[in-house]
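These notes are about the structure you will find just below.
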C-alpha cells in the first residue's frame, strides 16, 4: 500500500512541476534510480556528453550555456545502492547583461572555457515489483579552476575601463526522486522531480564595483527524464533531458563489469 502511495506522489509531483512552475532549472546527469552496476553490484565505467542551459543571477540574471565531456565510474554495493564519481571538461558562456544598465560593456557574454569539474553522487532505489522501481539520488559538483574573460567599456559615470573577469569557486548540489519502468528487451524509462542549489563568484582585476561578486541559482525545482537502451553485451546507452525555459540534454555510454 505504501509503495503505491509513493508512486502516486512521484507522478503528481512531476505533473505539478511541468504545469505549475514558471521557471525550471536544468542540470544533470542523474541517471536511472537503479543505476548501472551489473545486477545491482560491482563496477561500471562510462563516457558522456552534456549540453546544459541554466539560469544564474547576481544583480542581473545570467543564462549559462555549457558543453561538458566527461568520464564516470561507479560501484554498486548491493541491490539498489550505488555510488559514482565523474571528471569532466567544459566550455561555457555566461550570457549577460553584465553590470548596471547605465554602463557600456564590450560584450554581454562571459567565456568560461577550459574548466575541469568533479562530481560525486549516491543513488538508492527500491523495487516495487519486477517492472517498477523508485529511488532517490544526491550529487555534488565543483569546478576546480576559474573561467576567465576580458571586457572593456565605460562605467555609468563615463570612465573607460579594461578588466579581466573570473568565475571562481563554483559549486552545485542536486537531489531528487525518480520512478523507473522496465520495458521489453532490457530498456528502461525513468523520470522525476529534483531540487538544485549552486553558487559561484565573479571577480574583476582591476576591480569594478558595478559587477556583482556572487552569482547563484537560488533554490530551484526541476524535472528530468531519460531512457536506457541496451547495446552490445554489457554496454548501455542513456539519453536524458531536463526541462527548463530551454531544453537541455545529455547522453552517456556505460559498460558494466
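Values quoted throughout were computed directly from the atomic coordinates according to the rules given, and no laboratory measurement underlies them. Just so it is clear, the model here is predicted, and its values are computed rather than measured. Every residue, glycine as well, gets a Cβ built from its backbone with ideal geometry; the counts of neighbours run over all protein chains shown.
If the chain between residue 51 and residue 142 were fully stretched, how many nm would it gain, using 0.36 nm times the residue separation less the Cα-Cα distance?
On the way: separation 91, 0.36 × 91 = 32.76 nm, distance 1.73 nm.
Between residue 51 and residue 142, full extension yields an extra 31.0 nm.
Suppose R0 equals 45 Å. What FRET efficiency, 1/(1 + (r/R0)^6) with r the Cβ-Cβ distance, do residue 164 and residue 187 give to the nearest 0.05?
On the way: r = 49 Å, r/R0 = 1.09.
Efficiency for this residue pair is about 0.40.
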